[in-house]
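Peer 1: What follows is a single structure, and I will ask about it in a moment.
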Amino acid sequence: MNGMADRLRDWLAGDEPVAMVRIESTRGSTPRDSGTAMLVTRDSLAGTIGGGWLEWEAIRTARDWLAGPAAETGAPATGRYILGPEQGQCCGGSVTISLRHAGAGELEELEECERNSTLGDLCLFGAGHVGRAIALAVKPLPLTLHWFDERPEAFGPEEPGIVSANPLTEAARAPSGSAYLVATHSHARDFELCSTILRRDDFVYLGLIGSKTKRARFENGLRKLGLDSGRLTCPIGDANVKDKRPPVIAALTVAELIRRMHEGRRS
């Protein structure tokens with residue numbers, strides 16, 4: 001995940017003036033909650049406070065602020081916005097926003113926030129068409145991806161994958177509470193990975209690419225090993241959507257994955 005902290009770090013290194021726009025309080029129905037922030041420069045943005053009229057007004061205000069004397073003195077500003085019919089909004093709520101210079105202190109704040117807001121670790125095994133589509137789909141999400149394949153040629157130069165000669169070791173030593181997606185080039189390797197993960201029993205999600213027939217065969221093999229396949233999700237994604245294109249499978253699977261990871265954080 002490339003978050004706002006990374007963007008701010010780059011801007012600060014280049015002496016780019018940056019404003020932090022932060023929602024301090026809300027009342028009624030609003031697009032984002034208190035504590036949500038975004039970064040604004042003269043010609044770039046990072047993050048979002050909800051889009052629409054509110055965000056565009058906040059961006060305009062932030063850029064005016066950056067161009068004025070307040071940015072030079074570091075004096076913060078606040079404003080209250082009513083999301084009503086006058087602005088073409090029907091939310092009916094209100095938002096109080098603060099505006100301040102983003103520096104080293106704000107960078108530490110963002111880094112801490114990103115550490116605390118992550119959904120957790122995802123271990124993805126396999127760099128085939130579906131595995132690559134999943135890795136691309138989760139790239140902007142608030143989770144930590146660990147992507148493995150045994151084949152040295154599996155990953156492109158810009159892909160964050162790890163070539164591992166023994167993916168079973170990676171599965172065994174992954175952080176407790178991780179989510180797993182198994183989509184290797186080998187059904188035998190898939191089975192070994194699933195059995196290794198099921199023995200751990202400390203995961204929030206275990207997804208296996210495959211059909212109902214593959215699941216039935218795996219269930220039989222796992223039963224012989226004394227393992228319960230009840231927590232194994234296969235097929236992954238939405239079985240009611242009959243579309244086998246890798247990006248579609250990835251989108252449906254990631255939606256399922258996010259739900260399970262949220263449930264894991266609440267339990």
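The values are calculated or read from the model by the stated rules, or taken from the named source; none is laboratory data. In this text the structure is predicted, and so the values were computed from the model without any measurement. Glycine gets a Cβ as well: all are built from the backbone with ideal geometry, and neighbour counts include every protein chain shown. Heads up: the accessible areas ignore ligands, DNA and RNA and are worked out on the full protein's heavy atoms, side chains in. Shrake-Rupley method; radii C 1.70, N 1.55, O 1.52, S 1.80 Å.
Peer 1: Calculate, for HIS129 and SER98, the FRET efficiency according to 1/(1 + (r/R0)^6) with r their C-beta to C-beta distance and R0 41 Å; round to the nearest 0.05.
Peer 2: Numbers: r = 46 Å, r/R0 = 1.11.
The computed FRET efficiency comes out at 0.35.
Peer 1: Using alpha-carbon pairs under 8 Å, 6+ residues apart, how would you state the relative contact order of the chain in percent?
Peer 2: Computed over the chain, the figure is 15 percent.
Peer 1: Now, a different point. Taking θ as phi - 60°, what are the ³J(HN,Hα) couplings along the stretch 158-163 by the Karplus curve (6.51, -1.76, 1.60), each to the nearest whole Hz, with x for Gly and Pro?
Peer 2: 9, 8, x, x, 10, 7
Peer 1: Excluding same-chain residues fewer than 8 positions from LYS224, which lysines have a Cα within less than 22 Å of its Cα?
Peer 2: Excluding near neighbours in sequence, the set is LYS212, LYS214.
Peer 1: Something else now. When the Karplus curve 6.51 cos²θ - 1.76 cosθ + 1.60 is applied with θ = phi - 60°, which whole-Hz ³J(HN,Hα) does each residue of the stretch 248-254 get, with x for Gly and Pro?
Peer 2: Rounded to whole hertz, the list is 6, 4, 4, 4, 5, 5, 5.
Peer 1: Against the longest principal axis of the chain, how steep is helix 104-117, in degrees 0 to 90 to the nearest 10, with axes from Cα atoms?
Peer 2: Compared with the principal axis, the helix lies near 40 degrees.
Peer 1: Could you give each residue of the stretch 7-22 its phi-based ³J(HN,Hα) in whole Hz, using Karplus coefficients 6.51, -1.76, 1.60 with θ = phi - 60°, and x for Gly or Pro?
Peer 2: 5, 5, 4, 5, 5, 5, 5, x, 6, 7, x, 10, 9, 9, 9, 10
Peer 1: Ok, one more. Which residues in the stretch 1-26 have a backbone N closer than 15 Å to a point placed 7 Å from the Cα of THR118 along the Cα-to-Cβ line?
Peer 2: 1-6
Peer 1: Taking the 0 to 90 degree range and rounding to the nearest ten, how far is the long axis of helix 187-200 tilted relative to the main principal axis of the chain, both from C-alpha atoms?
Peer 2: Helix 187-200 and the main axis of the chain meet at about 70 degrees.
Peer 1: For Kirkwood radius over Cα pairs in Å, the choices are [x] 21.1; [y] 19.6; [z] 19.0; which was calculated from the structure?
Peer 2: Matching the structure shown: [x].
Peer 1: Compute, for the stretch 164-267, the length of the dipole vector about the Cα centre, with Cβ point charges of +1 (Lys, Arg) and -1 (Asp, Glu) only. Units Debye, rounded to 20. Don't skip to the end; give the middle numbers.
Peer 2: Numbers: 18 positive and 11 negative charges, 40 e Å.
Value, rounded to 20: 200 debye.
Peer 1: Select from VAL241, ALA58, MET20 the residue farthest towards the positive end of the dipole of the chain; place +1 on Cβ of Lys and Arg, -1 on Cβ of Asp and Glu, and compute about the Cα centre.
Peer 2: Going by the Cα projections, it comes out as VAL241.
Peer 1: Sort the following peptides by mean Cβ neighbour count (other Cβ atoms within 10 Å, averaged over residues), highest first: 212-221, 119-128. Don't jump to the answer; show the numbers that get you there.
Peer 2: Values: 212-221: 13.8, 119-128: 22.7.
Listed from highest to lowest mean packing, they are 119-128, 212-221.
Peer 1: Counting only protein heavy atoms and using a 1.4 Å probe, what share of the accessible area of the chain belongs to carbon plus sulfur, as a whole percent?
Peer 2: On the way: 7230 of 14000 Å².
Roughly 52 percent, rounded to a whole number.
Peer 1: Ranked highest first by average number of other Cβ atoms within 10 Å, how do 53-59, 108-114 line up?
Peer 2: Values: 53-59: 17.3, 108-114: 15.4.
Sorting 53-59, 108-114 by mean packing, highest first, produces 53-59, 108-114.
Peer 1: Helix 129-138 versus the longest principal axis of the chain: what angle, 0 to 90°, nearest 10, using Cα atoms?
Peer 2: On a 0 to 90 degree scale, this one is about 30.
Peer 1: A further question follows. With +1 on each Lys and Arg Cβ and -1 on each Asp and Glu Cβ, and nothing else charged, work out how big the dipole of the chain is about its Cα centre, in Debye to the nearest 20. Please list the in-between numbers first.
Peer 2: Details: 32 positive and 35 negative charges, 281 e Å.
Roughly 1360 debye, rounded to the nearest 20.
Peer 1: Among DSSP beta bridges lying fully in the chain, give the percent that are antiparallel, nearest 5. Spell out each step's value before the answer.
Peer 2: Details: 21 of 38 bridges.
Of the beta bridges lying entirely in the chain, close to 55 percent run antiparallel.
Peer 1: Can you tell me, using C-alpha contacts under 8 Å and at least 6 residues apart, the relative contact order of the stretch 173-229 as a whole percent? Walk me through the numbers before you get to the answer.
Peer 2: Numbers: 48 pairs, mean separation 21.5, N = 57.
Contact order relative to length: 38 percent.
Peer 1: For the stretch 199-238 and the stretch 15-38, what is the centre-to-centre distance using only Cα atoms, to the nearest Å?
Peer 2: Value for the Cα centre distance between the two parts: 42 Å.
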